[in-house]
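A short worksheet on the structure shown next.
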Amino acid sequence: MAEKLFLEVVTPQKSVVSEEVEIVVAPGSEGEFGALKGHTTFLSSLKLGTLRYKDANGKERYVFINGGFAEVLPHKVTILAESAERRKDIDIERAMKAKERAEKRLAAKTPDTDLIRLRRP
């Protein structure tokens, strides 16, 4: 049985994950990285992507994050994300409506349209 480390995923609005896990794999801005118990300490900025982890029972879980920072310690990984949602908590209808709004804004762009924001996945 793998040794456990503690994973904490928080946003400015809420705590998303707070539990013991076997492994964490995160979308670092310089590339994906993984951490197990006993990992060397480091900090990394994060990009938009999927945070994967195996919970204490070995089941793979997913959290979709929108940027932020990760602090990896030998016994704990802390993710400070701009926004984060567990896969099971995503409201598909809300996400589709947001996509449609972004596509409409992109099609009807004006000089002050934030194209970078609209093109983000």
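Taking K and R as +1 and D and E as -1, what net charge do the other residues with C-beta under 15 Å from the C-beta of Lys76 add up to?
-4
Quick check on segment 2-44: take the gyration tensor over C-alpha atoms, sort the square-rooted eigenvalues as a ≥ b ≥ c, and tell me if it's rounded (a/c under 1.5), prolate or oblate.
Note, shape of segment 2-44 comes out oblate.
Trypsin sites (Lys or Arg not before Pro), restricted to segment 1-81: which are DSSP loop and have at most 10 other Cβ atoms within 10 Å?
Lys14, Lys59
Please arrange Val17, Val77 by counting, for each residue, the other beta carbons lying within 10 Å of its beta carbon, fewest first.
Val17, Val77
For the chain, what does the relative contact order come out to in percent, with C-alpha contacts under 8 Å and a separation of six or more?
Computed value for the chain: 23 percent relative contact order.
Can you sort Thr40, Thr11 by how many other beta carbons sit within 10 Å, fewest first? Mind showing how you got there, number by number?
Values: Thr40 8, Thr11 17.
Least to most surrounded, the residues fall as Thr40, Thr11.
Add -39500 (n - 2.57) for each DSSP H run of 4 or more in the chain, then divide by its residues: what number comes out at 222 nm, to the nearest 500 deg cm²/dmol?
Per the formula, -5000 deg cm²/dmol.
Using alpha carbons only, how many degrees (0 to 90, rounded to 10) separate the axis of helix 92-107 from the longest principal axis of the chain?
The two axes meet at around 50 degrees.
Between Asn57 and Ser18, with labels modelled 7 Å along Cα→Cβ, what's the label distance in nm to one decimal, could you check?
2.1
Treat the count of other C-beta atoms within 10 Å as a stand-in for reagent exposure and order Ser83, Ser18 from fewest to most.
Ser18, Ser83
Among Lys37/Lys59; Lys14/Lys37; Lys14/Lys99, which pairs are too far apart, with a Cα-Cα distance over 20 Å?
Result: Lys14/Lys37; Lys14/Lys99 exceed 20 Å.
Can you tell which of Ala107, Ala81, Tyr53 lies farthest toward the positive end of the dipole of the chain, using +1 and -1 charges on the Cβ of basic and acidic side chains (Lys, Arg; Asp, Glu)?
My answer, from the dipole projection, is Ala107.
Throughout, read-outs are computed from the coordinates displayed, never taken from laboratory work. On a predicted model such as this, the values are computed, not experimentally measured, just so you know. Using ideal geometry, Cβ is built from the backbone for each residue, glycine included, and neighbour counts are taken over all protein chains shown.
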